[in-house]
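The values are calculated or read from the model by the stated rules, or taken from the named source; none is laboratory data. Since we're looking at a predicted model, the values are computed, not measured. We place every Cβ from the backbone using ideal geometry, glycine too, and count neighbours over all the protein chains shown.
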Amino acid sequence: MSDNHSYTTNIEWTRNRKGALSSPGLPTMEVATPPNFPGGHPGIWSPEHLFVAAAEVCLMTTFLAIAEKSKLDFLAYRSSATGTLGKLDRGMFVEKIVIRPNVVISDENQREKVITVLEKAKKHCLISKSMVTEVTMEPEVVVR
């Protein structure tokens, strides 16, 4: 695999403060200003949602890759994430993202390995490494 990757997106304004986000080979997604800003729209993905989601998805996909290489046996992975806006002299910015992964395992003896793999995933997530935003993790490991 080449070390150089590129990702192309396109956006077209549709009306008001809404647009259509697309990328070659992917479904088009409606995007808008979030509802807590003037002219914002509820129920539509916003740049703020996508920013938080990018960190969350990257943690998951990095976890999955490391778990596979580590031969970690787990039953389920899910997470939630919250991004918090802050304000500086230069304006508003996403100050912090907290990702709460929940990993289900069948063997208590795997708990420490799950935590280790999650910590490695957080460290190696290229999206989080590319952000100025502080990204933290609050993992939960459940044994079933």
**Report entry** Residue list for the range 21-39, filter: touching a His at 6+ places or on another chain (Cβ under 7 Å) and in a strand (DSSP E or B)
**Finding:** 32
Query raised in the report: Listed residues 114, 98; which is out of contact with any Pro (no Cβ under 8 Å at 6 or more places or on another chain) and aliphatic (A, V, I, L, M)?
Result: 98
**Report entry** Matching residues, the range 114-130, being hydroxyl-bearing (Ser, Thr, Tyr) and crowded, with 17+ Cβ neighbours inside 10 Å
**Finding:** 128
Report summary line: When the range 85-113 is checked residue by residue, the ones that are at pLDDT 95 or above and loosely packed, with under 10 Cβ neighbours inside 10 Å are 108, 109
